[in-house]
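Here the structure comes first, spelled out in C-alpha cells, and everything after it is commentary.
Coordinate-derived values only; no laboratory data. What you see is a predicted model; the values in this text were computed from it and never measured. Glycine also receives a Cβ, built like all others from the backbone with ideal geometry; neighbour counts cover every protein chain displayed.
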Amino acid sequence: MLDLLQKLAVYREKYYNLMVGRYALWDRLNKDMLIFCVALNFINLFIGSWIVRTVAALLFLAPIFRLFSKNIDKREDENTNYCKKRKGVVEWFKIMYKRISEIKTHRYYKCKNCDSYIRVPYKKGEHTIDCPKCGKEFKVKIR
Ligand SMILES: [Zn+2]
C-alpha cells in the first residue's frame, strides 16, 4: 500500500514537471469539445460516417493539444471567445424553451434597439411596448 502511494507521488511529480509552463486547464472549451466528441461518437453508432468519425477524432485531439500548449495567452483568448458565443447560444435556447412553454399566455419580442427579449402578455391586436432595458418604444401586432 505504501509502495503504491510512493509510486503515485512520483507520477504526480512527473506530471507537474511535464505541465510546467503549459496551459493545462480543463476550461469550458476543452470540456465542451470532449462532450461533443462523445455525443458525435454516439450518433455515429447509427450513422457510421467517416466524416463524423474524423470530426469526433479532432474534437478528441484538440483538447489534448490545448492542455499541452505553451501559448497560454492564445488558449485563454480562445476560451474567452468561445464562452461569449456559447452564452449567446445558451440564451437563445432558454428563450426558445420559454417561448414554447408559455405559448398560450405570453409572446416574446426582441428589442430592435438593444437586442434584449421582452415578454408580453398574449392579447390580440396592436400594442405599443416599452423596452424595460433601454426604454425605447415600439409597436407589435399579436395575432
Ligand atoms: Zn431595448
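Observations on the model:
- Part-to-part distance (alpha-carbon centres) for the stretch 58-96 and the stretch 1-57, which is given in Å: 15 Å
- If you run the Gaussian network model on the chain, springs between alpha carbon atoms under 10 Å, then out of 110, 70, 98 the most flexible one is 110.
- Those Cys residues of the chain for which no other cysteine Cβ falls under 4.7 Å: 37, 83
- Considering only 80, 54, 128, the Gaussian network model of the chain with Cα springs below 10 Å gives its largest mean-square fluctuation to 128.
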